[in-house]
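First comes the structure, then the notes that go with it.
The values are calculated or read from the model by the stated rules, or taken from the named source; none is laboratory data. Predicted model, so just to flag it, every value in this text is computed and none were measured. Positions of Cβ are backbone-derived with ideal geometry, glycine not excepted, and every protein chain shown enters the neighbour counts.
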Amino acid sequence: MKKLITVIGARPQFIKAAAVSRSIIESGQINEVIIHTGQHYDVNMSDVFFDELSIPRPNYNLDIHGVSHGAMTGRMLEGIEDILKSEKPDMLMVYGDTNSTIAGALAAKKLHIPVAHIEAGLRSFNMKMPEEINRILTDRISDLLFCPTDTAVKNLEDEGYDSLENQVIKVGDVMQDAALFYSSRAKRPDGIPHGEFVLSTVHRAANTDNPTRLNQIFDGLKRFSEIMPVVLPLHPRTKGALKKNGISTEGITVIDPVGYLEMVWLLQNSSLVCTDSGGLQKEAFFFESPCVTVRDQTEWVELIEFGYNVLANPDSADDIFEKMSGAVKRTDQDWGRDLYGKGAASSLIVNTILDF
């Protein structure tokens with residue numbers, strides 16, 4: 001039986017791991033050992049996901065959080081390396097583009113352990129984003145590059161990966177696997193207004209760490225809340241930034257961070273999503289909700305290309321309001337287009353690992 005170590009640390013990774021771990025268990029041929037780096041440490045941002053998504057509890061928890069990018073990545077690298085030396089796995093698997101991702105990949109590669117990267121090939125082409133640096137470096141040292149889309153495959157081809165000793169495989173998106181599986185288990189959160197509403201999330205450091213930009217984003221949300229209620233599960237980072245800069249959330253329905261099944265309910269029932277998240281852009285598409293992304297770029301370019309998503313200038317409350325107003329009125333979308341594999345990604349990933 002193969003031994004696979006999985007490194008996770010942030011909310012989207014918990015959801016992706018839920019889908020892949022289920023396929024791993026079903027295969028009966030892989031012993032999965034899970035390392036939780038502790039990158040997301042709030043109970044509602046972390047522990048609840050393991051409980052409600054039936055993810056196997058982590059074998060290790062490094063409890064590393066609340067420090068700078070360099071300190072976090074360095075401590076993770078050290079902690080993961082010690083575990084790899086002890087466990088001696090056949091492969092290490094990482095997800096996405098967080099500090100946990102690059103730390104896990106680096107630790108494994110330096111010990112000559114093969115690396116599998118789920119969500120390989122994504123590019124925003126903005127090197128000021130920490131996530132862009134993490135995903136590029138992780139791709140370069142990975143052996144199995146599991147791409148969610150044709151665009152991701154093309155990005156790697158353009159970077160010369162077809163001439164390197166990596167396997168580039170389009171498998172689809174494991175987030176859609178999870179969305180399909182858990183959609184029937186959705187739970188309504190407390191404090192949600194009746195009728196139509198907008199679901200919004202704001203957490204990206206480029207927005208929360210810029211007081212002027214953060215004020216513009218919330219001004220746009222508050223203006224739109226006069227037309228339709230805006231429901232905002234408030235990320236701990238954003239809560240602190242709002243308090244620090246004296247930015248009001250008056251008019252917005254602010255709730256505590258929610259678990260994934262509650263987030264699924266919000267997505268299923270929202271008329272519009274306004275976010276700076278990467279994963280939520282896709283989840284909006286999975287649940288047939290138009291999306292406005294408050295960022296300068298997105299790695300999910302196919303959502304922009306087909307009109308499911310639109311970018312809004314995070315420095316302009318006027319642009320955010322106008323983009324939200326336009327998106328919520330659209331009624332001509334074809335939600336049946338297959339962009340992300342329609343739920344087969346996890347099984348393809350497991351089969352490829354078994355054949356490696």
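Things worth noting here:
- Single residue of the stretch 171-191 satisfying the filter (crowded, with 19+ Cβ neighbours inside 10 Å and not small (Gly, Ala, Ser)) that is nearest to VAL264 (Cα to Cα): TYR182
- Residues that are more than 12 Å from THR6 (Cβ to Cβ) and in contact (Cβ under 8 Å) with a residue 12 or more places away in the chain, drawn from the stretch 85-95: LYS85, LYS88, ASP90
- Residue under evaluation ALA120, criteria (1) closer than 29 Å to LEU267 by Cα; (2) in contact (Cβ under 8 Å) with a residue 60 or more places away in the chain; (3) buried (at least 21 other Cβ atoms within 10 Å of the Cβ), criterion not met: (2)
- For the stretch 116-132, a tally of residues being in a strand (DSSP E or B), under 26 Å from VAL67 (Cα atoms) and either out of contact with any Leu (no Cβ under 9 Å at 6 or more places or on another chain) or among the hydrophobic types (A, V, I, L, M, F, W, C) (or both) returns 1.
- Looking across the stretch 180-213, the residues that are touching a residue at least 12 places away in the same chain (Cβ under 8 Å), assigned to a helix (DSSP H, G or I) and out of contact with any Leu (no Cβ under 8 Å at 6 or more places or on another chain) come down to LEU180, PHE181, SER183, ALA205, ALA206, PRO211, THR212, ARG213.
- Test result for ILE320, buried (at least 22 other Cβ atoms within 10 Å of the Cβ) and over 29 Å from SER54 (Cβ atoms): yes
- Of the criteria (1) outside the structural domain of ILE15 (by TED's automatic domain parsing); (2) among the β-branched types (Val, Ile, Thr); (3) crowded, with 20+ Cβ neighbours inside 10 Å, which one THR138 fails: (1)
- Test: residue in the stretch 141-151 that is assigned to a loop (DSSP other than H, G, I, E, B), in contact (Cβ under 8 Å) with a residue 12 or more places away in the chain and closer than 27 Å to GLY220 by Cβ: no
- Residues that are in contact (Cβ under 8 Å) with a residue 60 or more places away in the chain and of a type outside the set (Phe, Trp, Tyr) were ranked within the stretch 326-341; the one that is farthest from PRO148 (Cα to Cα) is VAL328.
- Residue match in the stretch 344-351 (condition: more than 30 Å from LYS3 (Cβ to Cβ) and either modelled with pLDDT of 95 or more or not in a helix (DSSP H, G or I) (or both)): no
- Qualifying residue in the stretch 299-318 (condition: of a type in the set (Val, Ile, Thr), touching a residue at least 40 places away in the same chain (Cβ under 8 Å) and within 19 Å of ILE217 (Cβ to Cβ)): no
- Of all residues in the stretch 285-335, those satisfying the criterion of being assigned to a helix (DSSP H, G or I) and of a type in the set (A, V, I, L, M, F, W, C) are PHE285, PHE286, VAL301, LEU303, ILE304, ALA317, ILE320, PHE321, MET324, ALA327, VAL328.
- Only one of the numbered conditions (1) loosely packed, with under 15 Cβ neighbours inside 10 Å; (2) in a loop (DSSP other than H, G, I, E, B) is not met by ALA71, and that is (2).
- One residue stands out in the stretch 337-348 among those that are under 18 Å from the mean Cα position of the chain (by Cα) and not hydroxyl-bearing (Ser, Thr, Tyr): the one that is surrounded by the most Cβ atoms within 10 Å (Cβ to Cβ), namely ALA345.
- Among the candidates LEU92, LEU84, residue that is outside any helix (DSSP H, G or I), at pLDDT 95 or above and crowded, with 17+ Cβ neighbours inside 10 Å: LEU92
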